[in-house]
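Chemist: There's a structure below that I have some questions on.
The values are calculated or read from the model by the stated rules, or taken from the named source; none is laboratory data. These numbers were taken from a predicted model, which means no experiment stands behind them. All Cβ positions, glycine included, derive from the backbone under ideal geometry; neighbour counts span all protein chains shown. Each accessible area value is taken on the protein alone, full model and side chains, heavy atoms only, with ligands, DNA and RNA left out. Shrake-Rupley method; radii C 1.70, N 1.55, O 1.52, S 1.80 Å.
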Amino acid sequence: MVQAGEMIGPYRIVEQVGIGGMATVYKAYHAKLDRYVAIKMLHQSLTTEPNFLARFEREAQIIARLEHPNIVSVYDFSEHDGNPYLVMRFVEGQALDRILRKSPLVLPETVRIMSAIGDALAYAHEHDVLHRDVKPSNIIIDERGTPYLTDFGLARMVHGGSSTMSQGTIIGTPHYISPEQALGQSELDARTDVYSVGVVLYELVVGRVPFAGDTPFSIVHDHIYTPLPMPREVNPNVSLPVESVLVKALAKDPDSRYQNITALMSDFRSAAQGEDAGQPAPARAKQPPSPAVTAVESAPDPFPGPASAREPGRAAPPRPPSPPIPWRERGQERRTEFKFDFRDLEDLGDKIGSKVEAWAESVEDWAEQFEEDNKSKSRSRRKKELTPEEQIRLRVEKRIKARQELIAHAAVYIMVNALLWVIWLLASGGEDFAWPLIVMFGWGIGMVAHLIDYNQQYGRGAQNKEREIQRELARARERGELPPLSQVEEPGKRKNEDLAGRRVRLTDDGELTDSFIEAMDEVEKPKRGRRR
């Protein structure tokens, strides 16, 4: 990791602005030219192939020659501590995928942005340069609304050509990869970028990507073998001309696809002209996030055979049997319903805030009433003299209540943590970070504190405290600080002595005689006087 303030050549690092599967992006400042730049530093793990630096320099020189108003320019390339990096123009703006998370694009805006991206790709194809990784996160919209295509040829820089490419490696992002890329073919042409642009257009118009499986392998498999979900079946608001363009752009056979990006964008603009200019694009359907990988390690292809395009009215070819699903991936269908869309957090926070404000006044009134009731009970309890039996009863009831609270706390702690572990297993299959451990540990601290408090009040802790008090009292008596026990008057002893010798007489109805009641009153008078 490069820290802010560190120098990389003539560039001073300002901050990290992003990180991906192949590189980390930093904002930096070039003092002599007085401008900010973006430094894209490749991960060191990707530079282990032989002759990598020579190949990287060769590819960077090709990309640096691209000069187009919608392509992020490459200014420089070098290496720092063995890590190669590119110096690019710094564009103040947001990636298209972040914009889509907030709201969908209207169709005219989709046409404007993608037409500019299409022109940039057509220019690059004329110079024999493929992008190989077209996706919304590589399309940046600056503050003036100008779209830029970035990360040109980065996938090829990392993985090289047929001579240096690792066997069994797929270049691209699963959701936007072309079938020929997914099959690992080394001989690619402009039609592979046409397919990726078709996926982006499908996402912008229909509201979701065509294939969104739970694992990169399942997504790649769908791009190769699964027929395209027809746009009008997913979203009936899509017009028939636009659907025809998307179906042709996403043909699995490159020969059935648009042969260049110019033809694709020309037909798309013509098909969109019949749409209402103010009609917003359909709401984006919730879907699992794209796997954060750009190079997917592929197993040997278990489904041999050429990929075929599905034409309207033509039956889809039979799908070959799927391989056995590992136990960690079982139950994926059941787990999808537990996935949470973090974009709803803002709405959830607003709802919670409004509820809290609505309840705040009633909670304050309840708290004031509760405090007043407690004061009244305390005053009435102080006025009432409890008998020894009542005092013992209160102590026992208090101890039983404390024990019940401890048991209830432990039961809730166990049940809630068990439920959280079940949800975690169903939602992740045991693969994701075990977040229930945080709840278990945090709540467990409070549970242990509750147990210690109960032990100090009613358990061995209370017994030890009482024994310590008695030992200290005994030492004080030995030192003469307290009178001996023989001189200490036990509570109630005087009262018993005053009543001693008096005969308890009962009336014929079994009640105490008046003489005995008067004697008790005489004993109680001094006590009542002290209370006043």
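Chemist: Order PHE370, PHE56, PHE433 by their accessible area, 1.4 angstrom probe, all chains in place, largest first.
Modeler: PHE433, PHE370, PHE56
Chemist: Taking R0 as 45 Å, what's the FRET efficiency between ARG477 and GLU405 from their Cβ-Cβ distance, rounded to 0.05?
Modeler: 0.70
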